[in-house]
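Chemist: What follows is a single structure, and I will ask about it in a moment.
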Amino acid sequence: MIPVIVIDGPAGTGKGTIAALLAERLGWHLLDSGALYRVLGLAALQQQVSFDDAAELTKLAEALALQFDAGRIFLAGAEVTDAIRTEAVGMAASQVAAHPPVRDALLDWQRQCAQLPGLIADGRDLGTVVFPDAALKIFLDASAEVRANRRYKQLIEKGLSANLFELIADIRERDDRDRNRAVAPLCAAADAVIVDSTTLSIAAVFDRVLEEVRRVFPDLVL
Ligand code: CDP
Ligand code: CDP
């Protein structure tokens, strides 16, 4: 059985950062499932496919010419690593992600990422739907204001424009849609370890997660 660790939670809780640190520490593969939905959201925007058109969006998902290469992301050969990180694309991602057939179309692709020696995967439904048998499930949470502030700093550091008040509203709207959709809603799996990072630094969260990794994989050298 290939070992899988999943990290789920709402936007800006530090999932991506912690998942990348853990993958590097363990030498395991990394799946940023949000990037998959973001690329699909960007493709829908570029090709002017309506976010309500589940059939067209599913076709787009099935034919998605996506490539991950050493931290860089390509859509049909063009680099989209930074273009998918805007809140507008995050919002598009959450709208396309609400359609059950779209999610189904992306399921196999995600499961195929589970390869030896192991996989760290982050998203919204990794512990509940994609990898329900994952050996360790972490659910990260934090207040919406703190998360929006983190996202604001992140965008400014990348030289992208951002408005803090719009970000708080957008993140709340996206969380609501993700939490209340009919299929694979954002929620902690019953067997997930919940970590609230509102007042914790990345280093403190990482230490907390490493404690859980040691508990579940006592033989791993960390
Ligand atoms: O993947 P997710 O949207 O959950 O969050 P992220 O992209 O990993 O983190 C968003 C930003 O918040 C990054 O710049 C992190 O360094 C920062 N962050 C933080 O400062 N403290 C935390 N406890 C978690 C994240
Ligand atoms: O980085 P951040 O947490 O802001 O978002 P993300 O993980 O990149 O995900 C963008 C959007 O994709 C989310 O708001 C969800 O609507 C959707 N998503 C999903 O439905 N299922 C996943 N496993 C991952 C992302």
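The values are calculated or read from the model by the stated rules, or taken from the named source; none is laboratory data. Bear in mind that the values here come from a model prediction, so they are computed numbers and not experimental data. Cβ atoms come from the backbone with ideal geometry, glycine included; neighbour counts cover every protein chain shown. For accessibility, only protein heavy atoms count, side chains too; no ligands or nucleic acids. Shrake-Rupley method; radii C 1.70, N 1.55, O 1.52, S 1.80 Å.
Chemist: Quick check: net charge around residue 31, other residues with Cβ under 10 Å of its Cβ, Lys/Arg +1 and Asp/Glu -1?
Modeler: My count for the surroundings of residue 31 gives -1.
Chemist: Let me ask another. For region 1-118, with every protein chain kept in place, what is the accessible area per residue (1.4 Å probe, Å²)?
Modeler: Numbers: 5220 Å² over 118 residues.
That works out to 44 Å² for each residue.
Chemist: When Rg is the radius of gyration of the Cα atoms in region 77-166 and Rh is its Kirkwood radius, what does Rg/Rh come to? Before the final figure, lay out the partial values.
Modeler: Values: Rg = 15.7 Å, Rh = 15.7 Å.
For region 77-166, the value is 1.00.
Chemist: Another question about this same structure. Over the chain, with every protein chain in place, what whole percent of the accessible area is carbon and sulfur at 1.4 Å, could you tell me? Display every interim value, and only then the final one.
Modeler: Details: 5540 of 10590 Å².
After summing per-atom areas, the C and S share lands at 52 percent.
Chemist: So, counting K/R as plus one and D/E as minus one, what does the shell of residues with Cβ under 15 Å around residue 79 add up to? List each step's numbers first, then the result.
Modeler: On the way: positive: 38, 72, 85, 158; negative: 69, 82.
Surrounding charge for residue 79 is +2.
Chemist: Residue by residue, what Karplus-based ³J(HN,Hα) values in Hz, rounded to whole numbers, does region 217-222 have, using 6.51, -1.76 and 1.60 with θ = phi - 60° and x for Gly and Pro?
Modeler: Rounded to whole hertz, the list is 10, x, 8, 6, 8, 10.
Chemist: Relative to the present Cα-Cα distance, how much length would full extension add between residue 133 and residue 24 at 0.36 nm per residue of separation?
Modeler: Working: separation 109, 0.36 × 109 = 39.24 nm, distance 2.24 nm.
Here the segment from residue 133 to residue 24 would lengthen by 37.0 nm.
Chemist: Sketch the reach of a paramagnetic label on residue 212 as a point 7 Å from Cα along Cα-to-Cβ, and name the residues of region 6-47 whose backbone nitrogen lies under 14 Å away.
Modeler: From region 6-47, the list is 6-10, 13-20, 22-23.
Chemist: Tell me, what HN-Hα J-couplings in whole Hz come from the Karplus equation 6.51 cos²θ - 1.76 cosθ + 1.60 at θ = phi - 60° for each residue of region 94-111, using x for Gly and Pro?
Modeler: The phi angles translate into 5, 6, 5, 6, 7, 8, x, x, 5, 4, 4, 5, 9, 5, 4, 4, 5, 5 Hz.
Chemist: Next question. Over the Cα atoms of region 4-214, what is the Rg over Rh ratio if Rh follows Kirkwood?
Modeler: Numbers: Rg = 16.1 Å, Rh = 17.3 Å.
Here the Rg-to-Rh quotient is 0.93.
Chemist: What is the sum of charges, Lys and Arg at +1 and Asp and Glu at -1, for the other residues whose Cβ falls under 12 Å from the Cβ of residue 20?
Modeler: -1
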